[in-house]
Amino acid sequence: MKQERLPPSQPSEIRTPRGVRHSLRAFRHRDFAIFWGGALVSSTGSWLSNLAVPYVLYQITGSAFWVGLVSLAQFLPSVFLAPVGGTLADRRSRKRILLVTQSGMAVSALLLWLVWTSGQRDPVVMLVLVSLGGVFAGFNMPTWQSFVSDLVPRGDLHSAVTLNSLQFNTARSLGPALAGLLLAVLGPSWTFLLNAVSFLFVLAALAAIHPRAGRPQQAAPAGMTRRFLAAPRYIRGQPGLVMALVVSVLVGVLGHPIFQFTVVFAGSVFEAGPVGLGLLNAALGLGAVVAAPLVSGWHHKLRLGLVVRWGLVLYGLSMIAFGAAPGYAWGVAALIVVGGSFLAVISSVNTSIQVIVADGMRGRVMACRIMTYTASLPVGGLLQGVVADWAGPRWAVCGAGALMAVAAVTLMRLRGRARLDRLDDPHDDSHLVTAAT
C-alpha cells in the first residue's frame, strides 16, 4: 500500500524551513547549481530567437496565422520524437543524450543566423530551420525534464523542479527584453547569433557535472515501441498523472498562445515597436519570477491541487484583462499576472508528475507529458491565429481566457479519480513497474 505524506502537524515538517530560503535549497547541490546557471544563459539566448522569429515573420507576412505556424514548426517534431527520447532517457546516459541534442540545437541556431545574414527572407525557409531545431528538441525535452532528478535527492526534488521552471521563466523575462533592444538597434541578425553562442554555456555546464548514480544504463532492447507503450498503460493506472496531463493540454490549447500573441498586440493593437514587444514578454517572465518562491517555498502548506485550481482561474481572468486592456501599461500589468499564473500551474503539474512517477518510468512518462503538451501548443496557436485574423486579436485572447476560466471551474467540480487533489498523490514505489518494463 502507498504511504501517505505526513500531515503538516508532524514534527519533521515543523522543523522544515519555509519561504524563499526553503525554495532555493536545491542550489545546495553543486551539479544542479552549475546546470541551472548554464541553462539560464542558454534559455535566455533561445528567447532571443523565440521572439525574433515570430517578429520578423509578422513583419514579412503581416499575418497572425504565420505566427501560429511558428509554434507548429517548433513543437510538432516533439510529438513524434518524444517517445524515442523518453525511452532513451530511461535506458541511456541522460548527460550524453543532452550533449548530443544541445549540440544539434546549436547547429540549427547557427544555420538560422547564416541564412538571415545571407539576405534570405523566405518565411518557409525560416520555418524549416525552426523545425530542425524542433527535431533535436524532441529528443532533448524528455531527457532534460528527467535529468533534474539525477542532480538532487528526492527530498529536494520539488525545489529543483520549481527552480528549473524559474530558470526558464527568468530567461523569458531577460531574453525578450534584450531581444527588443537588439531588434530596435542592431536588427534580427544579432539575436540569432547570440542564441547560437549561448548553447556553449549549457554544453560547458554538462561537461562539468557528474549526475547522481541512478538506474542501470543499458542498451535499449529491440522492442522500443513496446517499451514506450507501457507508459500510457502505466499513466492510466495513476489518476494523478492523468489529471496532470489534462491540465497540461488545457494550458497548451488555451493559455500558451498568448506568449506568441504579444507580437500581434505590440504591432497591431498597442503599436509599441520592438522595445515595447520585448517589455511585454519581459512582463510574462517577471510574473513567473515573482511567483516561483511562493510556489516552491510554501509547497507544504499550498498543496499542488489547490495551487492548480486557483492558478487556472487567475490565468483565465488575467488573459481576459490583457485582451481587453485599454492601453499598453494595462497590458503589461495583466501579463505579469499571466506569467505568474502560468508558472504556478505548470510548475505544480511538473512537480506532481516528478513526485508520483516510479523511477523506472520517469523518462517515458515525461515523454508522454511533453507529447500531449507540445501537441496542444500548435493546435491552440493555429486556432487562435485564425480567430485573430477573422475577429481580431482582442477577441481571440479574451475568448481563450473565458474558456480557461470555465474549464477551471468545471475541473473544480469533478470528483473521484478525476479530482484535482489527485495531483498530490504520493510517489509510486510499486514493484510492478520494474517487473513489467
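Read-outs throughout are calculated quantities, based only on the coordinates presented, and are distinct from any laboratory measurement. Just so it is clear, the model here is predicted, and its values are computed rather than measured. Cβ sites come from the backbone with ideal geometry, for glycine too, and all protein chains shown count toward neighbours.
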Q) At what distance in nm do the modelled label points of Ser103 and Arg233 sit from each other, each positioned 7 Å from its Cα along Cα→Cβ? A) 3.6 nm
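Output the peptides 399-412, 377-390 sorted from most to least packed, where packing is the average of other Cβ atoms within 10 Å over each peptide's residues.
Ranking the peptides 399-412, 377-390 by packing returns 377-390, 399-412.
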**Q.** Separation of the Arg154 and Trp310 label points, Cα + 7 Å toward Cβ, nm
**A.** 3.0 nm
**Q.** Whole-Å distance, taken between Cα centres, linking segment 63-97 and segment 406-430
**A.** 27 Å
Q) Separation between the Ala333 and Arg28 pseudo-spin-labels, each 7 Å from Cα along Cα→Cβ, expressed in nm? A) 4.1 nm
Q. Shape of segment 373-423 from its Cα gyration tensor (a ≥ b ≥ c, root eigenvalues): rounded if a/c is under 1.5, otherwise prolate when a/b > b/c, or oblate?
A. oblate
Q. The chain: Rg/Rh from Cα coordinates, Kirkwood Rh?
A. 0.95
Q. About the Cα centre of segment 71-223, what is the dipole size in debye to 20, counting +1 per Lys and Arg Cβ and -1 per Asp and Glu Cβ, all else neutral?
A. 360 debye
**Q.** Computed E for Val125/Ala324 - FRET, C-beta separation, R0 25 angstrom, nearest 0.05
**A.** 0.10
Q. Using +1 on the beta carbon of Lys and Arg, -1 on that of Asp and Glu, and nothing else charged, what's the dipole of the chain about the Cα centre, debye to 20?
A. 1280 debye
Q | Listed residues Arg422, Arg309, Arg236, most fluctuating in the chain (Gaussian network, C-alpha, under 10 Å) | A | Arg236
Q) For the chain, which DSSP H helices look membrane-span-like by this rule: Cα extent along the axis of 30 Å or more and mean Kyte-Doolittle of at least 0.0? A) 30-61, 64-91, 94-117, 123-147, 157-185, 188-208, 273-297, 328-356, 362-391, 393-413
Q. Relative contact order for the chain: what is it in percent, counting Cα pairs under 8 Å that are at least 6 residues apart?
A. 27 percent
(Q) Helix-only mean residue ellipticity at 222 nm, the chain, DSSP H runs n ≥ 4 weighted -39,500 (n - 2.57), per residue, nearest 500. What is it? (A) -26000 deg cm²/dmol
Q. If you count, for each residue, the other Cβ atoms within 10 Å and average over each peptide, how do 248-259, 338-349 line up from highest to lowest?
A. 338-349, 248-259
**Q.** Extension gain from Arg415 to Glu271, taking 0.36 nm per residue of separation minus the Cα-Cα distance
**A.** 47.2 nm
Q) Between His427 and Leu186, what length in nm is gained on full extension when 0.36 nm per residue of separation is reduced by their alpha carbon distance? A) 81.7 nm
